[in-house]
Amino acid sequence: MATMTWTRRHILSLEDFTTTEYEAVLQTAASFREVISRRTKKVPALQGQVVANMFFEPSTRTRSSFELAAKRLSADILNFSPGTSSLTKGETILDTAKTYLAMGANIMTIRHRQAGVPQAIADEMDRLKSGVSILNAGDGVHQHPSQALLDLFTLTNLLDKDNPRLELLSGKKMAIVGDILHSRVARSNIYSLTAAGAQVHLAAPPTLLPRLFLDLVSRDNLYLHWELQPALENADFVMTLRLQKERMSNNFIPSLREYHLHYGITRDRLKVCHPNVKVLHPGPVNRGVEITSDLMDDPNLSLIGDQVTSGVAVRMALLYLIGSSKD
Amino acid sequence: MATMTWTRRHILSLEDFTTTEYEAVLQTAASFREVISRRTKKVPALQGQVVANMFFEPSTRTRSSFELAAKRLSADILNFSPGTSSLTKGETILDTAKTYLAMGANIMTIRHRQAGVPQAIADEMDRLKSGVSILNAGDGVHQHPSQALLDLFTLTNLLDKDNPRLELLSGKKMAIVGDILHSRVARSNIYSLTAAGAQVHLAAPPTLLPRLFLDLVSRDNLYLHWELQPALENADFVMTLRLQKERMSNNFIPSLREYHLHYGITRDRLKVCHPNVKVLHPGPVNRGVEITSDLMDDPNLSLIGDQVTSGVAVRMALLYLIGSSKD
Amino acid sequence: MATMTWTRRHILSLEDFTTTEYEAVLQTAASFREVISRRTKKVPALQGQVVANMFFEPSTRTRSSFELAAKRLSADILNFSPGTSSLTKGETILDTAKTYLAMGANIMTIRHRQAGVPQAIADEMDRLKSGVSILNAGDGVHQHPSQALLDLFTLTNLLDKDNPRLELLSGKKMAIVGDILHSRVARSNIYSLTAAGAQVHLAAPPTLLPRLFLDLVSRDNLYLHWELQPALENADFVMTLRLQKERMSNNFIPSLREYHLHYGITRDRLKVCHPNVKVLHPGPVNRGVEITSDLMDDPNLSLIGDQVTSGVAVRMALLYLIGSSKD
């Protein structure tokens with residue numbers, strides 16, 4: 001296991017993540033990826049600690065990933081489900097979090113449809129000197145740090161399995177295609193990928209990628225395109241984003257078919273990319289909209305399954321790093 | 001523990017189950033029934049393995065049974081709940097299964113209201129050479145193998161606690177009464193009971209037991225009755241099936257009262273059976289419809305509680321057999 | 001751990017709790033409070049035993065507290081969720097309980113919106129000579145014993161951390177304010193607090209505290225007020241109760257604002273209490289209705305967080321005491 005000192009208590013955003021922190025996550029995840037390939041997949045790292053998964057916005061996929069990561073670290077897990085909760089009885093979100101704190105939660109993973117909720121809970125936990133760590137599992141259109149970190153691990157692990165590290169992505173071209181404006185995944189990835197020295201090319205229709213986006217997320221090596229072709233040219237990696245179907249009724253796009261025609265990733269379109277190009281998607285995928293079915297299923301081109309597998313290792317790493325910093 | 005070699009990766013249907021496989025399940029379940037009567041009920045057999053319970057059709061009863069079985073084998077468990085899942089976001093069922101595969105699931109128990117879904121997932125898992133095992137926990141009107149196997153264990157265990165085996169049922173008369181047409185429980189039981197050499201007598205109104213059913217499920221020792229009496233005469237066992245209330249609005253039966261009048265099992269009706277007759281029901285029971293309340297609660301006549309208890313031991317056996325075949 | 005003999009199988013109501021039993025709970029909870037402050041928070045006391053949390057009425061807060069308590073005693077846990085259950089298929093509650101019994105449940109925690117359901121299940125379990133213990137986790141307006149016991153522990157633990165015991169509350173004045181009529185928390189607390197020799201003063205509008213309440217719950221040292229002031233004067237503790245918002249539409253109270261004006265607990269109103277007064281609330285709180293926000297958050301005045309923390313220790317104690325009596 002990595003022996004560097006980890007000092008960050010909460011993981012809320014990648015905006016101010018340091019190079020040292022990125023490298024710590026990558027190295028720790030690499031150790032855990034090795035652990036979970038063994039027959040006995042458990043380590044006692046978080047024994048006795050309580051991880052509360054508080055998903056105010058439902059998500060089986062990400063919650064299961066956090067749950068499995070916590071189990072493999074031998075933590076006790078409490079799953080909060082908003083449907084059956086005190087929230088329906090008028091309790092505030094901060095009071096819910098404080099209840100789990102009082103029960104003994106040491107780490108809370110928070111997903112909420114409103115940006116800033118994990119930060120607000122973290123502030124309250126610090127004000128109370130609780131020592132509790134908050135892990136943002138996706139907040140509104142703001143940030144989804146564990147997703148971007150698992151993407152980073154997937155990419156660097158592909159390039160050097162024995163020693164995944166930031167510099168492997170230096171100078172690589174990454175196209176991010178789709179609903180950039182509403183994507184917390186895109187925002188978090190822009191921070192991590194540019195931190196690694198990659199060239200990040202965003203491609204989307206103007207409604208989903210207004211020019212002012214560059215002012216909001218200002219980073220070097222970040223480029224904006226309203227056409228797909230220039231983003232894909234010589235790209236080493238193409239990350240497609242999930243298109244929420246409700247964008248259509250909101251007039252952001254004319255139709256799913258039209259969107260696919262202009263921005264959907266197909267085998268044919270990848271021809272302008274680097275010959276070894278790989279495709280990523282945070283899931284769940286709308287097959288035939290963001291990406292064609294055959295491309296998604298092609299193990300030589302798609303890293304989608306690998307992203308999910310990396311997710312467990314990276315979330316183990318995050319829980320481990322913030323959990324161990326409590327000693 | 002039984003030392004025979006188990007080679008079947010998936011348990012999807014009993015249609016092609018072999019005698020050796022039935023015996024392996026019965027013997028393994030007998031060992032586990034002994035284990036769970038001890039104070040410490042856990043064995044480390046599946047330590048480190050992940051069992052994903054994917055119940056697309058809700059069922060607390062069967063899911064709890066699988067969950068407890070998996071816990072007692074020391075597996076890690078992921079519960080997938082369709083209500084809060086990516087399915088509502090348009091992901092396909094196969095993609096959901098592949099996500100759990102990528103997270104590290106080793107065994108998936110699948111329940112779905114559509115026949116064939118567990119088979120489709122198993123095919124995909126094999127195509128991907130994943131090594132994952134699929135256990136059909138009930139698919140549409142097709143099959144419910146673990147239910148029929150727990151019924152088989154309940155019956156043979158009753159006849160010889162020390163050595164439950166198929167031949168104990170040879171020549172026994174089993175009446176299966178009720179909504180045969182729509183019952184996956186009946187279909188699976190017909191395969192296992194006739195394989196054991198029992199005489200299986202089906203009884204139901206013609207709407208719920210069309211003559212062509214015999215063509216669909218063609219087995220020796222299988223008899224069809226539109227009256228209850230001939231099925232019950234000298235029967236050693238009577239299995240009643242759950243009557244879905246919606247059958248009434250669909251005009252399969254005129255009313256619950258009328259159904260009970262003609263096909264409901266009562267103490268009086270059992271008089272034509274073998275003096276030691278026992279009654280089974282897969283649950284949940286509509287008291288006073290399929291069976292009278294007092295009969296259901298009579299420990300000398302009802303095996304219903306015993307079926308539930310056997311369920312945990314049999315599901316431990318199934319998970320153990322397919323889990324160990326992975327080594 | 002306390003070595004006294006515990007003989008009570010079910011915990012359904014505090015009405016007939018004995019002094020010895022209260023003291024056993026307090027002492028055992030004190031040991032567990034110490035256990036859960038250690039780094040490794042688990043004890044193997046209930047290893048192999050199955051705790052089924054059957055919350056027919058949803059509650060994340062109380063269910064999580066029982067779940068965490070059971071995990072720390074190393075029990076296996078089954079969570080029953082009514083939404084996805086056989087209840088929707090017409091099964092009776094007793095049949096659901098018997099199904100969990102047959103699966104091997106040793107302890108069932110039951111919450112139901114109807115008073116008497118835990119008792120009915122306990123009676124059935126005894127009739128079957130099952131040995132199963134029932135723990136009432138709140139039934140209608142009847143009883144919520146674990147809540148009152150955690151309140152009792154919170155209070156006695158505050159007064160003597162090393163030796164929490166009943167006599168510490170002798171002669172203390174407790175005001176209970178709010179919707180007494182509909183509160184199972186109030187009913188249970190009246191029994192435990194008067195048993196400890198406290199003076200219990202109830203305060204509420206007449207619609208929520210009819211005079212006949214004193215006939216229903218007849219206890220010494222119990223006083224009834226329709227004004228807040230006499231209840232608060234010199235009070236050592238003030239327990240506010242949750243006001244269900246639907247009381248308003250039922251004409252029990254004119255409006256939330258009016259209720260707060262007359263019965264809401266504020267810093268100003270506490271001036272007539274004992275200088276060291278502390279405030280309790282079972283949660284979830286409607287901030288600004290039963291109690292002002294700043295008061296709730298003041299660690300010198302509010303015991304609300306402490307109640308939640310005590311909840312885990314007290315529920316461990318209850319599960320431990322009834323679980324160990326099985327040997």
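Computed 3J(HN,Hα) for the range B:288-294, one whole-Hz value per residue from the Karplus formula 6.51 cos²θ - 1.76 cosθ + 1.60 where θ = phi - 60°, is x, 9, 6, 7, 6, 4, 5, glycine and proline marked x. A label point on A:S170, set 7 Å along the Cα-to-Cβ line, lies at 7.8, 7.8 nm from each of its counterparts in the other copies, closest listed first.
Within a straight-line Cα-Cα reach of under 17 Å, C:K41 can be paired with the following aspartates and glutamates, leaving aside sequence neighbours fewer than 8 residues apart in one chain: A:D76, A:D327, C:E67, C:D76. Beta bridges assigned by DSSP with both partners in the protein assembly as shown are antiparallel in approximately 5 percent of cases.
For the peptides C:121-127, C:180-186, the ranking by mean Cβ contacts within 10 Å, running from highest to lowest, is C:180-186, C:121-127. Spatially, the range C:261-277 and the range C:141-167 are offset by 22 Å when compared through their Cα centroids. Averaging 1/r across all pairs of distinct Cα atoms in the range A:117-273 and inverting the result yields a Kirkwood radius of 16.8 Å.
Three semi-axes describe the equivalent ellipsoid of chain C; taken as square roots of 5 times the Cα gyration tensor eigenvalues and ordered largest first, they are 32, 23, 18 Å.
Taking amide H as placed 1.01 Å from N in the peptide plane, C:S302 has its amide H under 5 Å from the amide H of C:V279, each at least 5 places away in sequence or on another chain.
Rounded to the nearest 0.05, the FRET efficiency derived from the C-beta distance between A:L216 and A:S324 at R0 = 45 Å is 0.85. Among the residues of C:275-282, the average count of other protein chain beta-carbon atoms within 10 Å of the residue beta-carbon is 0.
When the charge dipole of the range A:146-307 is built from unit charges on Cβ atoms (+1 for Lys and Arg, -1 for Asp and Glu) and taken about the Cα centre, the candidate among A:H260, A:V185, A:L212 whose Cα reaches farthest toward its positive end is A:L212.
Each of B:T240, B:M296, B:V43 was placed along the dipole of chain B (beta-carbon charges, centred on the mean Cα), and the one lying farthest toward the positive end is B:V43. Only Cα pairs under 8 Å and 6+ residues apart enter the sum, and on that basis the relative contact order of chain A stands at 20 percent. Computed about the Cα centre, the dipole magnitude for chain A is approximately 720 debye when only Lys and Arg (+1) and Asp and Glu (-1) carry charge, each at its Cβ.
Positive end of the dipole of chain B (Cβ unit charges, origin at the Cα centre): among B:A102, B:N286, B:I121, the Cα lying farthest that way belongs to B:A102.
Its DSSP H runs of at least 4 residues, each contributing -39,500 (n - 2.57), put the calculated 222 nm mean residue ellipticity of chain B at -11500 deg cm²/dmol, to the nearest 500. Computed about the Cα centre, the dipole magnitude for the range B:146-307 is approximately 260 debye when only Lys and Arg (+1) and Asp and Glu (-1) carry charge, each at its Cβ. Taking amide H as placed 1.01 Å from N in the peptide plane, C:F55 has its amide H under 5 Å from the amide H of C:F80, C:R111, each at least 5 places away in sequence or on another chain. For B:D298, the label point sits 7 Å beyond Cα toward Cβ; its separations from the matching points on the remaining copies run 6.9, 6.9 nm, from shortest to longest.
An oblate overall shape is assigned to the range A:30-185, the ratio a/c of its alpha-carbon gyration tensor axes (a ≥ b ≥ c) being 1.5 or greater and a/b not exceeding b/c. Magnitude of the charge dipole for the protein assembly as shown, about its Cα centre and with charges confined to Cβ atoms of Lys, Arg (+1) and Asp, Glu (-1), is about 640 debye. The mean number of Cβ atoms from other chains found within 10 Å of a Cβ in peptide C:49-61 is 4, as a whole number.
Residues whose amide H falls under 5 Å from that of B:I176, counting only those 5 or more places apart or on a different chain, are B:H201, B:L202, B:A203, B:M239, with hydrogens built in the peptide plane. Of the beta bridges in chain C, as assigned by DSSP with both residues counted there, near 5 percent are antiparallel. For A:L214, the distances from its label point to the matching points in the remaining copies are 8.0, 8.0 nm, ordered from shortest, with each point set 7 Å beyond Cα toward Cβ. In Å³ and rounded to a whole number, note down the convex hull volume per residue for the Cα atoms of the protein assembly as shown. Cα-based convex hull of the protein assembly as shown, divided per residue, equals 183 Å³.
The mean number of partner chain beta-carbon atoms within 10 angstrom of a residue's beta-carbon across peptide C:92-102 is 5.
Here the alpha carbons of the range A:193-327 define both size measures, Rg and Dmax, at 16.7, 54 Å. Working note: Karplus 6.51/-1.76/1.60 with θ = phi - 60° gives the range A:138-153 the couplings x, 10, x, 9, 7, 8, 8, x, 5, 5, 5, 6, 6, 5, 4, 5 Hz, where Gly and Pro are set to x.
With a Cα cut-off of under 18 Å and a minimum spacing of 8 residues unless on different chains, the lysine pairs in the range A:146-307 number 6.
Using C-alpha pairs below 8 Å separated by at least 6 residues, the relative contact order for the range C:95-225 is 19 percent. Working note: Karplus 6.51/-1.76/1.60 with θ = phi - 60° gives the range C:155-169 the couplings 6, 6, 5, 5, 7, 7, 4, 7, 8, x, 7, 4, 4, 4, 9 Hz, where Gly and Pro are set to x.
Each value in this text was obtained by applying a stated rule to the coordinates, not by laboratory testing. Everything numeric in this text was worked out from a predicted model, so none of it was measured. FYI the Cβ positions are ideal-geometry reconstructions off the backbone, even for glycines, and counts take in every protein chain you see.
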